[in-house]
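The values are calculated or read from the model by the stated rules, or taken from the named source; none is laboratory data. What you are looking at is a predicted structure, and each value in this text was computed from that prediction instead of being measured. Note that we place each Cβ from the backbone using ideal geometry, even for glycine, and neighbour counts take in every protein chain shown. Remember, those area values only see protein heavy atoms, side chains included, never the ligands or the DNA or RNA. Shrake-Rupley method; radii C 1.70, N 1.55, O 1.52, S 1.80 Å.
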Amino acid sequence: MPDPQLVQDAPALYRREQAVLAATQRLRFFPLAVVAGEGCRLVEEGGRRVLDLSASWAIASLGYGHPAVRDAVSRAMSAMAGVGLVSTCNVEAVQLAEALLACTPGTGERRVYLGHSGSDANEATVRTIRRATGRPGVLAFHGSYHGGLAGSSQFSGLMVDAGEQADGDLSLLPYPSGPSAAEDAQATLTQLDALLEQRGDTIAALLCEPIVSDGGVLVPPPGFLAAVHERLTSAGVLLVCDEVKVGLGRTGLLHAFQHEGITPDVVTFGKALGGGLPISAAVGPAHVFDTAEAFTMLGTAGNPVAAAAAGAVLRTIVEEDLAGAAAARGDQLRAGLEQLRSRHPAVVDVRGRGLSLGVQLGATSTAAKVCYRAWELGLVLYPVGPDSDVLEITPPLVISPAEVEEALALLDQALADVEAGAVSDETVGRYQGW
Ligand SMILES: Cc1ncc(COP(=O)(O)O)c(C=O)c1O
């Protein structure tokens, strides 16, 4: 059971944070304040160990403090081959680019951009494609999320739908999902055909998530992305697949787009790639990414320490077949979640792929309360979706079968407690959420 004091009053570290760190960086659902992490657990101030079913928004792909990452970081830090790529190259960044090219399907001569965060990888990609093609237009989907910087937020459907200023050359298409996904897909394709017919020669790229994650864990209907890609290719528009949240093994294959039978023109990576260190990447055609020198520079991009961490993450995922592990643990989790659905009226839908799963609840406040209660019980997960009513489940790929069972038992308890009225509106009202 949780420490009652911890539940009543936010921990001291949490209160100290509020006094010094900007609120613009916060998205909080409960006062989680950590001092350490190990495997799939975070250690709170006071020593309580909580099971992290979110991997900190799918970033801690190998969990916390994985020896492969720790050793790579410590080796790279001791050698310290410069700090970035602007006016020197370094061995760790070159090796990482070689590894990314080797593991990412694609044709023709390609190049790798290295950045710090999914947001800047997507932003640099769009800027570079616009520059290379001379076309200003960008397409994306309602509900999609591609980043939180000036450019990336302005072509993120989720943000624009919520009132963020849209990029002036952005067109958003509806994302097919739910029971009418097949008909919706046809309607979206018809809309895309019309757009391409009218002004295809002014459109540079379409950005898509192979599973819309923050927008509610929406898996595309079969054949939809392939049909989109075919149309884009005929119009000379590039398909950018944003694998930042669901890529690198999480869905049961190394790349989430591989479930769709497509080879995107550009693939962007982030989050999981660094296993907790800040690094992102884009892999795409040389004629696009070599367009102009000194065009998308960040002083510490290609940092050898972050690049070494990413190299270790990639190697571990491939050598230990963590995609296969994600498929197996995903099946186990999904079966358990389906059972919860049959027992708890609050659960409306269970969906996703591998270890990228969503549990839709009937109401926003229920989702906030279940997340809060789960944290009280020692389990970390967060809500997503335009209505914040979908519990997102994206644990570290190294989660064990026993940890999956433990998580399911805690979630079962949290649902039962919320159904019994254990969490008040006032308690969750203290945390802003999305
Ligand atoms: C699909 C997708 N793309 C891009 C981003 C932005 O990544 P970051 O927050 O690491 O900049 C996110 C973040 O949630 C994401 O889910």
### Query
From the list S78, S87, S74, S54, which one is of a type in the set (S, T, Y) and within 22 Å of the chain's Cα centre (by Cα)?
S54
#### Entry: Residue selected from segment 254-275 under the condition more than 13 Å from the ligand (Cβ to nearest atom) and assigned to a helix (DSSP H, G or I), by the criterion nearest to T233 (Cα to Cα)
E260
### Message
Between a residue in segment 12-28 that is within 24 Å of D214 (Cβ to Cβ) and any residue that is open to solvent by 90 Å² or more (accessible area, probe 1.4 Å), which pairs come within a Cβ distance under 7 Å, given they are 6 or more apart or on different chains?
### Response
L27/W434; R28/Q432
### Count of residues meeting criterion [touching a residue at least 12 places away in the same chain (Cβ under 8 Å) and open to solvent by 40 Å² or more (accessible area, probe 1.4 Å)] in segment 401-411
3
### Task
Select from segment 140-178 the residues that are aliphatic (A, V, I, L, M) and within 14 Å of the ligand (Cβ to nearest atom) and write down the one among them that is least open to solvent (accessible area, probe 1.4 Å).
A140
### Task
Just give me the residues in segment 236-253 being away from the ligand (no atom under 12 Å from the Cβ), surrounded by 23 or more Cβ atoms within 10 Å (Cβ to Cβ) and in a loop (DSSP other than H, G, I, E, B), in sequence order.
V237, L248, G249, T251
### Message
So, in segment 419-434, exactly how many residues are free of Cβ contacts under 8 Å to residues at least 60 places away in the same chain and surrounded by fewer than 11 Cβ atoms within 10 Å (Cβ to Cβ)?
### Response
4
### Query
Assuming L114 fulfils every condition listed in (1) more than 16 Å from the ligand (Cβ to nearest atom); (2) among the aliphatic types (A, V, I, L, M); (3) within 19 Å of F289 (Cα to Cα) apart from one, which condition is it?
(1)
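Mind listing whichever residues of segment 45-93 are among the small types (G, A, S) and within 16 Å of the ligand (Cβ to nearest atom)?
Result: S54, A55, S56, A58, A60, S61.
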### Message
Every residue in segment 190-210 that is outside any helix (DSSP H, G or I) and among the β-branched types (V, I, T), please.
### Response
I203
### Message
Among the numbered criteria (1) within 15 Å of the ligand (Cβ to nearest atom); (2) buried (at least 24 other Cβ atoms within 10 Å of the Cβ), which one does P278 miss?
### Response
(2)
### Query
Going by the conditions given, is V126 part of a helix (DSSP H, G or I), within 16 Å of the ligand (Cβ to nearest atom), at pLDDT 95 or above and over 19 Å from S280 (Cβ atoms)?
no
## Note on the structure
Only one of (1) in contact with a strand residue (DSSP E or B) (Cβ under 9 Å, 6 or more places away or on another chain); (2) surrounded by fewer than 21 Cβ atoms within 10 Å (Cβ to Cβ) does not apply to E123, and that is (2)
### Task
Among the residues of segment 41-70, count how many are open to solvent by less than 10 Å² (accessible area, probe 1.4 Å) and closer than 18 Å to G311 by Cα.
5
